[in-house]
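Data first, discussion second: the structure below is written as structure tokens.
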Amino acid sequence: MAHARISANLPPDIDPTKAPIAFGRRALPKLQEELHSPELLTQQRALMALCDLVHDPENVYQAIEIGFLDNLKTLLLHHDSTVRQKTTEILCIMAMHNVGRQGLIQNGVISALTELLDDPVDICRKNTHQIFEMMAKLHEGAVDILHAGLIPLLVFKLETESDEIQELILDTLSNSLRVEASEALATGAVTILKEKKRNLSITLKGKSVLCEEVTPVLVSLLEDTDPQVQASAAGALMFATVKPQGRFSALAAEAIPPLLRLVAEETSKARLSAIKTLTMLAELPEGRKTLLDHIDTFQQCLNDPCEAVKRAAKIAISVIKWKPF
């Protein structure tokens, strides 16, 4: 099915060709002055010009040296959407360079960007998440994301964002957990699940695998007294077990018994995720052997009022009963 793309097109009255740019080392200081202009159009044109200049890492270095990042952080909260769009685009381009990434970390840009997670303009949010995704690939960037308390916010955004932005969020989450798993456990993902009053779910990209340290914790949370926590943990395991390594980790953590209990509970919010996770585990010989003794549990789901649950149960039964020729 086709998905709408987020457009980066500017309003027709913003013409960057009309913005005069000084030459040499005077170019950036001049643009710095224009960013402080009380005239909105002057600010917009200055940002357009800067957007072109920061493709050069030497200009990125100079921009950081003369204090551009403080001004850009302020402009993130500007009332004009074009200003916010071009500001996030500039930061996104800067994050493509090593000197830019280091500058963003040292100047607290990641924390400042959290203000744009609820921006009404799609392209502003997309640019913001592109920056997070690039920064999360660095150890220092991932730690910054964790310390900024972004994990709970990003997880929550998975419920509402477009597929395009969700993919960026999933990359950011998986990289953050992989780069600093122990710190993620302390400050982010698992803590979310333990917060009873929050309606959040942890989701990790199927192409990534939960760290071995995380999987046992999620398995233990399948038996939490809060149904939402159970559902969140089951959802995380479902994505983790897409890859073989995730399945082996889940089996080693003895995930099958608590997952079966969730499948058996007709009112469980985690029932669908639990069935799908067990289907993944049934693709391993050890998992299939264990689940063959529990076909009845899945057959009971064939009467579930939810069509998705019935379909998942039917698939699970076929996978569990599969025999090689």
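Within segment 107-118, the set of residues being surrounded by fewer than 19 Cβ atoms within 10 Å (Cβ to Cβ) and in contact (Cβ under 8 Å) with a residue 24 or more places away in the chain comprises 107, 108, 111, 114, 115, 117.
State all residues of segment 88-113 that are under 13 Å from residue 71 (Cα atoms) and outside any helix (DSSP H, G or I); if no residue qualifies, say none. Across segment 88-113, the qualifying residues are 107, 108.
In segment 235-250, the residues that are under 12 Å from residue 283 (Cα atoms) reach residues that are basic (Lys, Arg) with C-beta atoms within less than 6 angstrom, at least six apart or across chains, in these pairs: 241/247.
Looking across segment 273-325, the residues that are over 17 Å from residue 257 (Cα atoms), touching a residue at least 12 places away in the same chain (Cβ under 8 Å) and of a type in the set (Lys, Arg) come down to 314, 321.
Could you list, in sequence order, the residues of segment 267-299 that are closer than 23 Å to residue 232 by Cα and over 32 Å from the mean Cα position of the chain (by Cα)? Even if it seems obvious, please write down each step before you answer.
Here is the first cut: in segment 267-299, the residues closer than 23 Å to residue 232 by Cα are 267-283, 287, 291, 297-298.
Selection gives 291, 297, 298.
Considering segment 145-160, the residues that are assigned to a helix (DSSP H, G or I) and either among the acidic types (Asp, Glu) or open to solvent by 10 Å² or more (accessible area, probe 1.4 Å) (or both) include one that is nearest to residue 115 (Cα to Cα), namely 153. For segment 134-144, check the following and say yes or no: at least one residue is modelled with pLDDT of 80 or more, open to solvent by 10 Å² or more (accessible area, probe 1.4 Å), hydrophobic (A, V, I, L, M, F, W, C) and outside any helix (DSSP H, G or I). Yes, some residue in segment 134-144 is modelled with pLDDT of 80 or more, open to solvent by 10 Å² or more (accessible area, probe 1.4 Å), hydrophobic (A, V, I, L, M, F, W, C) and outside any helix (DSSP H, G or I).
Residue check: residue 82 meets all listed conditions (1) open to solvent by 30 Å² or more (accessible area, probe 1.4 Å); (2) under 14 Å from residue 124 (Cα atoms) but one, namely (1).
Selection of first residues in segment 131-145 that are closer than 16 Å to residue 88 by Cβ and of second residues that are outside any helix (DSSP H, G or I), restricted to Cβ pairs under 8 Å at least 6 apart or on distinct chains, gives the following pairs, ordered by first then second residue: 131/95; 134/95; 134/96; 135/95.
Considering each of 172, 225, 160, 215 in turn, give the residue that is modelled with pLDDT of 50 or more, at negative phi, in contact with an Asp or Glu (Cβ under 6 Å, 6 or more places away or on another chain) and not hydrophobic (A, V, I, L, M, F, W, C).
On the way: 225 fails: in contact with an Asp or Glu (Cβ under 6 Å, 6 or more places away or on another chain); 160 fails: in contact with an Asp or Glu (Cβ under 6 Å, 6 or more places away or on another chain); 215 fails: in contact with an Asp or Glu (Cβ under 6 Å, 6 or more places away or on another chain).
The unique qualifying residue is 172.
The values are calculated or read from the model by the stated rules, or taken from the named source; none is laboratory data. All values derive from a computational prediction rather than experimental measurement. Cβ sites come from the backbone with ideal geometry, for glycine too, and all protein chains shown count toward neighbours. All accessible areas refer to the heavy atoms of the entire protein, side chains included, with ligands and DNA or RNA removed. Shrake-Rupley method; radii C 1.70, N 1.55, O 1.52, S 1.80 Å.
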